[in-house]
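Structure, as structure tokens:
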Amino acid sequence: MFEHLCATLLQQAHLCPLPLEAQPVVWAHDTGLRLYPLPDALLLADTAPSAHFTFEGTVCINPVRRCSARLRVLPLGRER
């Protein structure tokens, strides 16, 4: 299933490849969802088991379900 999802997203070159009737588009922000040119890597994180798949040179990754590490985002120039 993960492979099919990745292939669909990359073939459509869009993160939301649904018809306009199913998902209305906010055109001012649509360019942020486009995948053209194709990226080197596509990270799709959800609750599914971890997986990886390569499609036309793009590595698709779904990381592990649970991670014990915490992510901290610090402003530039600040130390821990």
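Do any residues in segment 22-35 that are within 15 Å of Q12 (Cα to Cα) have Cβ atoms under 8 Å from those of residues that are part of a strand (DSSP E or B), where the two are at least six apart or on different chains, and which pairs are they?
Correct list of pairs: L33/H14; R34/H14; L35/H14; L35/L42.
Keeping to segment 1-37, report how many residues are surrounded by 11 or more Cβ atoms within 10 Å (Cβ to Cβ), outside any helix (DSSP H, G or I) and of a type in the set (G, A, S).
Total satisfying the criteria: 1.
State yes or no: is P49 loosely packed, with under 10 Cβ neighbours inside 10 Å, part of a loop (DSSP other than H, G, I, E, B) and at pLDDT 90 or above?
Taking the combined requirement at face value, the residue does not satisfy it.
When segment 6-21 is examined, which residues are found to be touching a Ser or Thr at 6+ places or on another chain (Cβ under 9 Å) and without any contact (Cβ under 8 Å) to a residue 40 or more places away in the chain?
Within segment 6-21, P17 is the sole residue that qualifies.
The values are calculated or read from the model by the stated rules, or taken from the named source; none is laboratory data. Please read these numbers as outputs of a predicted model, since none were measured by experiment. For neighbour counting, all protein chains shown are included, and Cβ atoms are generated from backbone atoms with ideal geometry for every residue, glycine included.
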